[in-house]
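The values are calculated or read from the model by the stated rules, or taken from the named source; none is laboratory data. As the structure is a computational prediction, the values presented were derived from the model and not from experiment. As a convention, Cβ positions derive from the backbone with ideal geometry for all residues, glycine included, and neighbour counts pool all protein chains shown. Side chains are part of the model used for accessible areas, which takes the heavy atoms of the whole protein and leaves out ligands, DNA and RNA. Shrake-Rupley method; radii C 1.70, N 1.55, O 1.52, S 1.80 Å.
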Amino acid sequence: MYKKSLLIIIIFFFPKINTAQITQKVAKSFPAYVVFEINKLMSKINLEEKKQIQIGQKLVKQDSLATILLSKGESTEILKNYYTIDANFLAGILSTEELEHFMYENDNTNRFLLALTLSDTLRLKAEQISQIRKENSFLNTQINISSENKYKLYIDKLSTILDSKQYVILIKTIYVDKSVEETNKDWDNIKKVKLAENKDSITVYKELYKYNLYKNSFLDSYANKYDLKKAMN
């Protein structure tokens, strides 16, 4: 009964896992190492075939350039510059939204990027999106910023740019995984002492999950400080 209940909860609360795959055309058009790199990228972001091909072509071109430089006696240290798929590599291929999604997958502590990837869910207005992008660009210039100051920046700016409802949704999203983990532990303990034998398992699990999500969002332990109560009023 527990496994069935948990499955229902997971389906109800959480989005599907990204199952994007490289198309057959792409798989047959490039060397194995290129297909491997595109496949790694596709585990982070779903891309149409045209963009998969563009990335493959760029990787092949980079490989050719690296090979020429090595033949001229250049150090193998340069190879990383030619085989690293980062934001600079993908610029001009991915849309702004796709690039932001990719960057968030590489830095899932960045709350500006999270807000941008959730633009549809949060129903962000064009002006809000522009403001968040401006703040993220500023953050990228702060090379030596501490984690504490980074979170302070997230809180100060996002609590101003977003309305209270949007802000609460954003913070709750951050703590989904942590809340699920805690709820699973709570549920295991409840089963051990048989506190929910005569109760509906799905209902109990959902209530536990809601409690943990609210608690974690309220405390915002990742940032060490956060006044969710103020935002919710």
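Numbers for the structure displayed
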read-out: Net charge, GLN57 excluded, C-beta distance under 12 Å - Lys, Arg +1, Asp, Glu -1; value: +3
read-out: ³J(HN,Hα), Karplus 6.51/-1.76/1.60, whole Hz, each residue of the stretch 178-187, x for Gly, Pro; value: 4, 5, 5, 4, 5, 5, 4, 5, 4, 5
read-out: Fraction of accessible area attributable to carbon and sulfur, the chain (%, probe 1.4 Å); value: 52
read-out: Dipole magnitude of the chain, debye to nearest 20 (Cβ charges: Lys/Arg +1, Asp/Glu -1, about Cα centre); value: 540
read-out: Dipole in debye (nearest 20) - the stretch 63-183, about Cα centre, beta carbon charges: Lys, Arg +1; Asp, Glu -1; value: 420
read-out: Over the chain, relative contact order from alpha-carbon pairs under 8 Å, at least 6 apart, %; value: 17
read-out: Interchain or long-range residues, amide H under 5 Å from TYR222's placed H; value: none
read-out: Reference-scaled alpha-carbon Rg (2.2 N^0.38 Å with N residues) for the chain; value: 1.27
read-out: Distance (nanometres) between label positions extended 7 Å along Cα→Cβ at ASP200 and SER147; value: 4.1
read-out: Hz values of 3J(HN,Hα) by residue in the stretch 107-118 - Karplus curve (6.51, -1.76, 1.60), Gly and Pro given as x; value: 8, 7, 9, 7, 6, 5, 5, 4, 4, 5, 6, 9
read-out: Residue-normalised accessible area of the chain, expressed per residue, 1.4 Å probe, Å²; value: 64
read-out: Relative counts (whole %) of C-alpha pair distances in the stretch 106-167, using bins that are 5 Å wide; value: 4, 18, 32, 27, 14, 5, 1
